Each structure stands twice: as C-alpha cells, then as structure tokens.
Amino acid sequence: QQQVKQSPQSLIVQKGGISIINCAYENTAFDYFPWYQQFPGKGPALLIAIRPDVSEKKEGRFTISFNKSAKQFSLHIMDSQPGDSATYFCAASTTNSNSGYALNFGKGTSLLVTP
Amino acid sequence: GAGVSQSPSNKVTEKGKDVELRCDPISGHTALYWYRQSLGQGLEFLIYFQGNSAPDKSGLPSDRFSAERTGGSVSTLTIQRTQQEDSAVYLCASSYGGLGVSPLHFGNGTRLTVT
C-alpha cells in the first residue's frame, strides 16, 4: 500500500506565483521527510529535507512545512519560475535501520510554471 | 566529480529473456539502492546494499529479480524471464551514509521495455 500520499497529481502555476504540494503519511515511526525534484530523462535529485523536530525549513525559494500531529507535510515554492517545471516527489522513511532502508515515495506531482 | 552511472540507458527485450542492468555508484559511497519507477506510480524500493551485503531485499517483487554488488562498488540487477509488467525505469542511487544522514544520489536510470 502507498505509505505516502501526494497531491495534486499535476499543477499549473504562473511565473511568480506560489506552488504548493501536499503529502500525508500514516507511519508514526517516520522521522525523515525529503523532497526530490526530477527533470525528464534524469534521476531525482534531493531538493530539501526536514526532520519532525521542526515545523518549517526554508532554503531559498523552497520551504517545507511539517505538521506532526496531522501527519502532513508540504512543499512551497515561492516566486515560481519556468525552470522549476519538473516532477516533485515527497518521501518519508525511518532512520532506524531495524525498520528497513526503504525511502517511501509519493506518486509525484508534475509542476508546470507558465511564463 | 562523476555521478552515479547506469547502463544501458535503454533496453528493449523480448518477453521471457533475461536482462542485466548495471550501476556504478559514486566512488566512496558504501550504500547502494535500486528503485523502480513506473508511469504514474512514483518510485518503488527494490533492494539496499551496504558494502557487498544486502540487508534489505524486501522490495524485490518476485524471485525473478536478483541483485549483487561486488567490491563494494558496481552493482548488477538481473531480471530473469522478463514479463511485460517489468517494463519501467530502473533507478540506482548511492549515498555515503544512512537515510537521513546523507542524500541519495540517483543515476539517470535504465528504461526497460519488454515486448
């Protein structure tokens, strides 16, 4: 079963707007929440990651908001640019090796930023 | 420096044939992962290597799938008696530490098409 649920499946945003992608998880043992960005024909690349001891992490135009009680986290892309057009994946895992080594990915969001 | 290298980049094979997919991780990365990416399905964990051993094979979908890693470096994913449902992009990733410690660096994948 899908351990991380991601929405929306696709998103169109105008240049300069805010892109918001949401994810939800069920497993309370998860303690590592990265976002990956993937361009066509390329492998995913780490964008930003958060641990559950903080509610927000910002790196440049990218911000992760984390709500531990709701078991939800989201990616906000401020001042979205056409170069941000890509597929974004949220993921979650436990860093306890006794629970395995899988990084559980959402199904992805295809973002298109129009000029 | 060089990233994760995967070969071939594309592979077309007939149903029932065996295929081998190769991954050259980043030098010095002890952890190696295989994932499968199907259209609209996100990334599916297959197997994890630490050095030459595979402590987590939980994602391998059937006994037709196997993987090995030699010299703590190159890894080969083998699919025997390929089926059409095996068609996907197979991604390899490496890291120098565990989940949450260091990011996964993905290769560009091998696109497998089973006809």
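The values are calculated or read from the model by the stated rules, or taken from the named source; none is laboratory data. All of these numbers come straight from a predicted model, not from anything done at the bench. Positions of Cβ are backbone-derived with ideal geometry, glycine not excepted, and every protein chain shown enters the neighbour counts. We work out accessible area using only protein heavy atoms, side chains counted, and drop any ligands, DNA or RNA first. Shrake-Rupley method; radii C 1.70, N 1.55, O 1.52, S 1.80 Å.
What the table shows:
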quantity: Residue within the range A:41-63 that is more than 14 Å from chain B (Cβ to nearest Cβ) and surrounded by 16 or more Cβ atoms within 10 Å (Cβ to Cβ) present; calculated: yes
quantity: Failed criterion for B:Asp56 (all others in (1) within 20 Å of B:Gly109 (Cβ to Cβ); (2) in contact with a strand residue (DSSP E or B) (Cβ under 6 Å, 6 or more places away or on another chain); (3) within 14 Å of chain A (Cβ to nearest Cβ) hold); calculated: (1)
quantity: Residue check, B:Pro25 under 22 Å from A:Phe39 (Cβ atoms), at the interface with chain A (Cβ under 9 Å from one of its Cβ atoms) and either in contact with a strand residue (DSSP E or B) (Cβ under 7 Å, 6 or more places away or on another chain) or without any contact (Cβ under 8 Å) to a residue 60 or more places away in the chain (or both); calculated: no
quantity: Selection count where residues are touching a residue at least 60 places away in the same chain (Cβ under 8 Å), surrounded by fewer than 19 Cβ atoms within 10 Å (Cβ to Cβ) and among the aliphatic types (A, V, I, L, M), scope the range B:66-82; calculated: 0
quantity: Cβ-Cβ under 6 Å pairs, at least 6 apart or on other chains, the range A:78-105 side more than 14 Å from chain B (Cβ to nearest Cβ), far side of a type in the set (Val, Ile, Thr) and open to solvent by 30 Å² or more (accessible area, probe 1.4 Å); calculated: A:Met78/A:Ile18
quantity: Residue in the range A:19-38 that is touching a Lys or Arg at 6+ places or on another chain (Cβ under 9 Å), within 10 Å of another protein chain (Cβ to nearest Cβ) and in a strand (DSSP E or B) present; calculated: yes
quantity: Residue, farthest from the other protein chains (Cβ to nearest Cβ), within the range B:101-115, restricted to residues that are assigned to a loop (DSSP other than H, G, I, E, B) and open to solvent by 20 Å² or more (accessible area, probe 1.4 Å); calculated: B:Thr115
quantity: Residue within the range A:33-49 that is in contact with a Cys (Cβ under 6 Å, 6 or more places away or on another chain), under 21 Å from A:Ser10 (Cβ atoms) and of a type outside the set (A, V, I, L, M, F, W, C) present; calculated: no
quantity: Candidate set: the range A:64-101, residues that are surrounded by fewer than 16 Cβ atoms within 10 Å (Cβ to Cβ) and among the aliphatic types (A, V, I, L, M); chosen: the one nearest to the chain's Cα centre (by Cα); calculated: A:Met78
quantity: Of all residues in the range B:61-90 being in contact with a Lys or Arg (Cβ under 7 Å, 6 or more places away or on another chain) and assigned to a strand (DSSP E or B), the one that is farthest from A:Tyr36 (Cα to Cα); calculated: B:Ile79
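Rundown of residues vs (1) within 13 Å of the chain's Cα centre (by Cα); (2) of a type in the set (Phe, Trp, Tyr); (3) buried (at least 21 other Cβ atoms within 10 Å of the Cβ), yes/no style:
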| residue | (1), (2), (3) |
| --- | --- |
| B:Lys15 | no, no, no |
| B:Val19 | yes, no, no |
| B:Ser27 | no, no, no |
| B:Tyr35 | yes, yes, yes |
| B:Tyr48 | yes, yes, yes |
| B:Gly51 | no, no, no |
| B:Ala54 | yes, no, no |
| B:Arg64 | no, no, no |
| B:Gln84 | no, no, no |
